[in-house]
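Just so it is clear, none of the values below were taken in a lab; they were calculated from the coordinates. The structure presented is a predicted model; accordingly, all values stated were derived computationally and were not measured. Glycine also receives a Cβ, built like all others from the backbone with ideal geometry; neighbour counts cover every protein chain displayed.
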Amino acid sequence: MTMGVPSSDVDLLSTESLIDPHAAYRDLRNLGEVVWLPHHRAWFIGHYHAVHEAFRDQRLSSDRLSPMEARLSDDNRATLASTIDLLRGWMVFHDPPDHTRLREPLRRAFTPGRLAALRPHVVAIVDELLDDLAAAQSPDLIADFAFPLPAIVIAELLGVPAEDRDDFKHWSDQLAALVFGSSDRGSKAATAAAGSERFSRYFADLIERYRDAPDDNLVSALIEVTEDDPDGAGLSPAELVGACTLLLFGGHETTTNLIANSMRTLMTHPDAMAAVASDAGAHPLVFEELHRFDGSTKLMVRVVAEDHERGGCMLRAGDTVLLGVMSANRDPGIFADPDVVDIDRPNARSHVGYGYGIHFCLGAALARMEAEIAIEALARRFPVMRHDPQAVRYTDALIGRGVAALPINIG
Ligand code: HEM
């Protein structure tokens with residue numbers, strides 16, 4: 001590294017950073033556009049425009065799997081062989097042209113019409129879960145609401161029977177240890193392998209079932225677009241399993257965390273809670289503002305594909321780059337008074353919580369629909385909901401921001 005490169009020894013997994021990542025990101029933004037973090041052996045980019053630009057730059061690759069695989073010990077590589085095979089089917093880890101080939105069938109199957117047809121189901125599921133929450137002895141916003149909701153919705157969309165959803169949580173948690181960068185390294189490989197093997201087997205069976213007897217669901221639609229592909233460039237059976245697991249997994253924990261984080265913000269901002277409870281329609285940007293203020297994605301990871309200079313620093317092929325999504329969302333150059341919740345902030349929707357560019361979240365419209373229905377219904381039904389902010393324990397993760405439990409008093 002050259003002299004004069006901005007550097008910070010911040011540990012983004014310290015208790016302090018987990019509680020308030022925004023303070024850590026503010027310090028990093030003040031150091032420069034590109035900052036070296038020795039503790040994480042990675043570059044950090046935290047200014048809004050620089051994050052935007054980095055998302056579009058093909059010199060920053062999304063293939064995080066190959067370097068990870070290369071770093072594994074022989075034992076772990078053998079243990080994780082099936083997990084890596086599964087993750088290879090995830091578009092999110094590919095650059096064009098493979099990325100385009102993997103994304104296109106999903107884009108075609110995941111239509112606005114399919115989403116619109118799902119809306120009444122989401123409303124009904126939310127109502128049921130609110131009843132469960134009201135009846136709970138010691139209500140927990142995660143266990144009783146924010147976790148089951150996206151799991152049931154995505155299961156419904158894909159055509160996965162709802163009775164299998166407890167298994168989903170278990171497998172998804174196992175795979176999360178690997179994908180969401182939990183710092184629990186000890187049993188990571190074996191845990192992720194167990195989760196991915198179960199997932200793969202489950203979806204392979206489901207796909208076979210719908211290949212024989214198609215139904216009105218996303219798995220059947222994916223099989224159809226793949227089989228009808230005029231270029232014959234559709235998904236292989238393994239990639240189809242990969243696509244299903246990505247939809248299930250990518251749309252699960254992220255949505256749970258967005259709902260929980262948004263409700264934490266509302267509970268500490270009673271005026272905003274009252275506005276959502278009484279007339280959310282008068283503040284159409286409030287949900288985007290809650291996402292901007294404290295969303296569920298802190299960082300996205302890229303790998304330098306070729307040496308290049310950026311923000312005055314020399315980035316070398318193979319270096320890791322952290323795109324500071326959550327930091328960009330509090331960039332004062334874009335969002336005035338970024339640490340304030342402004343429920344009518346005119347540019348709230350410009351946040352990059354769903355990423356940007358060719359990898360922009362494929363499920364953003366679904367996530368928005370679920371979060372808006374859920375947050376508004378929670379605020380209406382329990383406008384005096386409270387929690388103890390001092391007791392909140394944040395998930396030990398670099399990429400996702402969430403809490404494992406959120407005990408609440410619903411008044
Ligand atoms: C609040 C909820 C969600 C958040 C914050 C979120 C966030 C993101 C982000 C930041 C990316 C970009 C990844 C990158 O650039 O490497 C992404 C990609 C993706 N998301 Fe989401 N997501 C959410 C919900 C969902 C849902 C509900 C689904 C599906 C049902 C979904 C499916 C995907 C897929 C398939 C990709 C990969 C797109 C690509 O690589 O082309 N997400 N998401």
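Rounded to the nearest 20 debye, the dipole magnitude of segment 15-391 is 800 debye, with +1 charges on Lys and Arg beta carbons, -1 on Asp and Glu beta carbons, and the Cα centre as origin.
Summarising the amide proton neighbourhood of Ala405: residues at separation of 5 or more, or on other chains, whose placed amide H is nearer than 5 Å comprise Arg393. Relative protection proxy for 245-253, 112-120, from highest mean packing down: 245-253, 112-120 (other beta-carbon atoms within 10 angstrom). Here the sum of -39500 (n - 2.57) over DSSP H runs of 4 or more residues, divided by the residues of the chain, equals -16000 deg cm²/dmol at 222 nm, to the nearest 500. In the chain, a dipole from Cβ-located charges (positive for Lys and Arg, negative for Asp and Glu) runs towards its positive end, and of His99, Ala136, Leu37 it is Leu37 whose Cα lies farthest in that direction. Sorting the Cα pairs of the chain by distance into bins of 20 Å, from 0 upward, gives 26, 59, 14, 0 percent per bin. Restricting attention to the chain, close to 80% of DSSP beta bridges with both partner residues there are antiparallel. Charging the Cβ of each Asp and Glu at -1 and of each Lys and Arg at +1, and nothing else, the dipole of segment 359-411 about its Cα centre rounds to 100 debye.
Counted by neighbouring Cβ atoms within 10 Å, the residues Ile84, Ile343 run from fewest to most as Ile84, Ile343.
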